[in-house]
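Data first, discussion second: the structure below is written as C-alpha cells.
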Amino acid sequence: MKDILEIQDLSYSINEKKILESISLKVREGFITGMIGGSGSGKTTLIRIILNIQLPDKGKISGTVSYTHLRAHETVLDLV
C-alpha cells in the first residue's frame, strides 16, 4: 500500500511558544489512523495544518487528504 500523507519535520509556534516541534509521520492507504493527546497538545493545530487552514513555521507535507466523504450519521462511537 502507498503513503497517502507524509509529514516531515513539521514545527509550529505561537508567540515563540512551541506548539508542534519536529513532527514526522506517514499515513498509509487502507489504515485507520488516530491522534491521542492531552488538552493543548497540538492535535487540532496539526489537523488544521494538514488541511491547509494554518501554515507551519517549517516542514513539508505531501499527499492528499479528503474529509468530504465522512458523514456524522455514518460514524459509530461506543463510549464506555
Legend entry - Efficiency of FRET from Cβ geometry, residue 6 and residue 32, R₀ 22 Å, rounded to 0.05: 0.80
Inset, instruction - Please compute the net charge surrounding residue 7, taking Lys and Arg as +1 and Asp and Glu as -1 over other residues with Cβ under 12 Å from its Cβ. - result: 0
Inset, instruction - Report ³J(HN,Hα) in whole Hz for each residue of region 5-18, in order, from the Karplus equation J = 6.51 cos²θ - 1.76 cosθ + 1.60 where θ = phi - 60°; Gly and Pro get x. - result: 8, 9, 10, 10, 6, 7, 9, 8, 9, 10, 6, 6, 8, 6
Legend entry - Candidate lysines for bridging to residue 2, where Cα separation is under 29 Å - those fewer than 8 sequence places away on the same chain excluded: 26, 43, 58, 60
Inset, instruction - Would you grab the residues whose amide H sits under 5 Å from the one on residue 54? Only those 5+ places off in sequence or on another chain, please, with H modelled 1.01 Å from N. - result: 49
Inset, instruction - Compute the Kirkwood hydrodynamic radius of region 1-50, taking the inverse of the mean of 1/r over all pairs of distinct Cα atoms, and give it in Å to one decimal. - result: 12.0
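Every read-out reported here was derived from the displayed coordinates using simple, explicitly stated rules and does not represent laboratory data. Please read all numbers here as calculations on a predicted model, not as lab measurements. Reconstructed Cβ throughout: ideal geometry from the backbone, glycine too, with neighbour counts over all protein chains shown.
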